[in-house]
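No lab work stands behind these numbers, since they all come straight from the coordinates. Given the structure is predicted, the values throughout are model-derived calculations rather than measurements. Note: ideal-geometry Cβ built from the backbone for every residue, glycine included; neighbour counts use all protein chains shown.
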Amino acid sequence: MNITELQKIANRLRLDVVETVHIAGDGHPAPCMSIAELIAVLYFDAMRLRPEEPDWPERDRFVLSKGHACPILYAALARKGYFPLEELKGLRSYGSILQGHPVFPTTPGIESVAGSLGNGISIGLGMALGCRMQNLDSRVFVIIGDGEQQEGIIWEAAMAAAQHKAGKLIVFADLNNYQSGGKTSEISSLYPVEDKWKAFHWHVQSIDGHDIEAIKTAIGNTEATDAPSLIACKTTKGKGISYMENNNAWHKRIPTIEEVEIARKELEG
């Protein structure tokens, strides 16, 4: 897909999140907005997938380590054809296939559970090594948050991935500088993030996480190394919706019907 088409998809996914969180009466909208372009590029351009055959062995894998941002992943899976769009209305409801954090194997297209932060790279590394053992050329993509990198298990996985030269493991760090309690730089700063990952012998790139062309190029650049890759993405929490941008009150908050309409005008305009 071209850049214009992918941007339209990213904004459509943003609107899906606003609408479904409004219906559910619960959820984390702003953490979804900062990864909209990443999800759009992965699911509608970069990853090898067969929605009609979710367990296709040669597929690429995706792990959303910041699992509270699952509404945008669910929206992408629905629009990709893994399940009907109507299922989005059941977000966080009892008996729904779409719970408040990703659940495997309940939801078609979901590769792993996610709830306790910090586990995504370890899970992704296990997948990458497992694919290697089966002579599969599959890539494993992971999205982590920036506050999440305060977890020690992140760095245990980083060491192991470098040791095993897990070149098929590609991690995007969503660096919007917010976590639930405030600014990451003020709570327990990770910066400079890139220097830390380089010290762990990862292949590191820095991009604007909302620049679709930059995302596509960065993914392509990972093919030239046998080291695991960290793509540091400078992003804006709540990106694309005026009342959400850099407003941490929207980490977990429910939009009113009036706010849904504002988002619709801004995202469809």
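For the reader, a short list of remarks on this structure follows.
- Local electrostatic count, Asp60, Cβ distance below 15 Å [Lys/Arg +1, Asp/Glu -1]: +2
- Think of the chain as a dipole: +1 on every Lys or Arg Cβ, -1 on every Asp or Glu Cβ, centred on the Cα centre; then among Leu64, Gly209, Thr4, Leu64 lies furthest on the positive end.
- About its Cα centre, the chain has a charge dipole of approximately 200 debye under the convention of +1 per Lys or Arg Cβ and -1 per Asp or Glu Cβ, with nothing else charged.
- Candidates per trypsin sites (Lys or Arg not before Pro) in the range 147-235, loop by DSSP, up to 16 other Cβ within 10 Å: Lys165
- The range 59-174: mean projected area of Cα convex hull, nm²: 7.2
- Both numbers refer to the Cα atoms of the range 139-269; Rg and Dmax are 16.6, 52 Å.
- In the chain, the calculated helix contribution to ellipticity at 222 nm averages -11000 deg cm²/dmol per residue, counting -39,500 (n - 2.57) for every DSSP H run with n ≥ 4.
- q = 0.13, 0.19, 0.21 Å⁻¹: log10 I(q)/I(0) that the Debye formula gives for the range 1-142, counting C-alpha atoms only: -0.53, -1.15, -1.39
- Farthest toward the positive end of the dipole of the chain, out of Leu136, Gly238, Tyr178, is the Cα of Leu136, where the dipole comes from beta carbon charges about the Cα centre.
- Crossing angle, helix 212-221 versus the chain [Cα axis fit, 0-90 degrees, rounded to tens]: 20
- Taking Cα centre as origin and charging only the Cβ of basic (Lys, Arg, +1) and acidic (Asp, Glu, -1) residues, the dipole magnitude of the range 1-108 rounds to 180 debye.
- Pairs from Lys66/Lys265; Lys80/Lys196; Lys234/Lys265 whose Cα-Cα separation, in the structure shown, is over 30 Å: Lys80/Lys196
- Springs join every pair of Cα atoms under 10 Å in this Gaussian network model of the chain, and among Thr222, Thr236, Thr106 the largest mean-square fluctuation is at Thr106.
- Residue of Trp56, Trp250, Trp197 that the Gaussian network model of the chain assigns the largest fluctuation, springs spanning Cα pairs under 10 Å: Trp56
- Kirkwood radius for the chain, taken over all pairs of different Cα atoms as the inverse mean of 1/r, rounds to 18.4 Å.
- Cα-based convex hull, the range 147-214, per residue volume (Å³, whole number): 97
- Within the chain, percent of DSSP bridges classed antiparallel, to nearest 5: 10
- Charge dipole of the range 71-158 (Cα centre as origin; +1 on each Lys and Arg Cβ, -1 on each Asp and Glu Cβ, all else neutral): 300 debye, rounded to the nearest 20.
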